[in-house]
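Working notes for the structure below.
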Amino acid sequence: MTETAQPSRGVRMPRDARRAQLLEAAQYVFVHNGYHAAAMDDIAERAGVSKPVLYQHFPGKLELYLALLETHGNELVRRVREAIESTSDNKLRVRAAIGALYEFVAGEGQAFRLVFESDLRGEPAVEKAVEGALSGCIDAITEAVTADAELDAERARLLAVGLVGLSQVTARYWLDARETISRDEAVSLMSTLAWKGLAGFPLQNP
């Protein structure tokens, strides 16, 4: 998320624009403070509005958080589906799907932390939203595997769960290593692992 000048209080905005502004401010506060330490006062101040204006759009902190999860969860699923549908070559599909997850994790504003590193996973509504986003990604991959590999749905889904898990865990690890490993190289390494297994990295000095 970019650092932008906060709007002056009292500036009237169209409802949709105001909602987007409030969500952007809330995302910044949630990512940097965590859900439990975030306060509606902080979000209102970040957005440059009064608390009554904030409450006109969102009745509480949880509703704000869920709105962000829905927005970014839908965006993640859209990216993975577009990646899968971008080619009929399965090897390229694997790379594209992994690349989509890496792109999401590397995205501006650290939205991935709300989806993958939420400190509110014990809340049923949050758990449902997070699982919904992950399931959407898994569904997209499962459909492709079922159609192309002629596997039954359960086995295809197991492979899809593995690919999504591999991608999101390694992408989060890569964030701390990206000064020495580019995103393209990381995606290439993980794509090779997913496509060929460890046999894709044979011993150089057997």
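Only the coordinates and a few stated rules stand behind these numbers; no lab work does. Bear in mind the structure is a predicted one, so any value in this text is a computation, not a measurement. Positions of Cβ are generated from backbone atoms using ideal geometry, with glycine treated the same way; all protein chains shown enter the neighbour counts.
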Next on the checklist: With θ taken as phi - 60° and the coefficients 6.51, -1.76 and 1.60, list the Karplus ³J(HN,Hα) couplings across the stretch 63-69 in order, rounded to whole Hz; mark glycine and proline as x.
Outcome noted: 5, 4, 5, 5, 5, 5, 4
Next on the checklist: On C-alpha positions alone, give me the angle between the axis of helix 90-105 and the longest principal axis of the chain, in degrees, nearest 10.
Outcome noted: 30 degrees
Item to check | Local electrostatic count, residue 153, Cβ distance below 15 Å [Lys/Arg +1, Asp/Glu -1] | outcome: -4
Checklist entry - How far is helix 15-33 tilted, in degrees, relative to the longest principal axis of the Cα atoms in the chain, given as a value from 0 to 90 rounded to the nearest 10? => result 70 degrees
Checklist entry - What ³J(HN,Hα) values, in whole Hz, does the Karplus curve 6.51 cos²θ - 1.76 cosθ + 1.60 give for the stretch 145-156 when θ = phi - 60°, with x put for Gly and Pro? => result 5, 4, 6, 8, 9, 6, 9, 6, 4, 5, 6, 5
Checklist entry - Separation between the residue 178 and residue 20 pseudo-spin-labels, each 7 Å from Cα along Cα→Cβ, expressed in nm? => result 2.3 nm
Checklist entry - What are the ³J(HN,Hα) values, in whole Hz, obtained from phi via the Karplus relation 6.51 cos²θ - 1.76 cosθ + 1.60 with θ = phi - 60°, for each residue of the stretch 170-177 in sequence order, with x given for Gly and Pro? => result 6, 5, 5, 5, 4, 3, 7, 10
Checklist outcome for this item: The set of residues whose placed amide H lies less than 5 Å from the amide H of residue 35, leaving out same-chain residues fewer than 5 positions away, is 119
Item to check | Residue among 170, 38, 104 farthest towards the positive dipole end of the chain, charges placed on Cβ | outcome: 38
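Using only helices, what value at 222 nm comes out for the chain when you add -39,500 (n - 2.57) per DSSP H run of length 4 or more and divide by the total residues, to the nearest 500 deg cm²/dmol?
About -23000 deg cm²/dmol.
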Item to check | Cα long-axis angle, helix 183-196 against the chain (0 to 90 degrees, to the nearest 10) | outcome: 40 degrees
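Where does each of 45-56, 90-101, 71-82, 150-161 land if you order them by average Cβ count within 10 Å, highest first? All intermediate terms of the calculation are to be shown ahead of the outcome.
On the way: 45-56: 16.6, 90-101: 21.4, 71-82: 19.0, 150-161: 14.5.
Highest-to-lowest ranking by the protection proxy: 90-101, 71-82, 45-56, 150-161.
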